[in-house]
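Report on the structure given below.
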Amino acid sequence: MTDPDPDTSPLSCPEMVELLTAYLDGALSAGDATRFEVHLDLCPGCLTYLDQFRETVQIPGWARSRCRTA
């Protein structure tokens, strides 16, 4: 029995979390980005995690802009 090709095997949730910032930075290979997106299509928990991460990353920028206008 052979191991599955790592470029086509599904991502686990811990692997998705490990690749999250690289995905958001556009630094993943096309294959890894596809695997990441397929995982999100199949895993509502990781999709929620991604959405929460995006919101958290946006907060510092929002807070800086609010402080400048105050």
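So how many residues does segment 43-56 have that are open to solvent by 70 Å² or more (accessible area, probe 1.4 Å) and touching a helix residue (DSSP H, G or I) at 6+ places or on another chain (Cβ under 8 Å)?
Total satisfying the criteria: 3.
What's the number of the only condition in (1) modelled with pLDDT of 95 or more; (2) of a type in the set (F, W, Y); (3) more than 10 Å from the chain's Cα centre (by Cα) that Y49 fails to meet?
Condition (3) is where Y49 drops out.
Output the residues belonging to segment 20-58 that are more than 20 Å from T8 (Cα to Cα) and outside any helix (DSSP H, G or I).
Residue satisfying the conditions is D25 alone.
If I go through segment 9-42 residue by residue, how many of them are open to solvent by less than 60 Å² (accessible area, probe 1.4 Å) and under 19 Å from Q58 (Cβ atoms)?
4
The values are calculated or read from the model by the stated rules, or taken from the named source; none is laboratory data. Quantities reported herein were computed from a predicted structural model and do not represent experimental measurements. Cβ atoms come from the backbone with ideal geometry, glycine included; neighbour counts cover every protein chain shown. Side chains included, ligands, DNA and RNA excluded: accessible areas come from the protein's heavy atoms. Shrake-Rupley method; radii C 1.70, N 1.55, O 1.52, S 1.80 Å.
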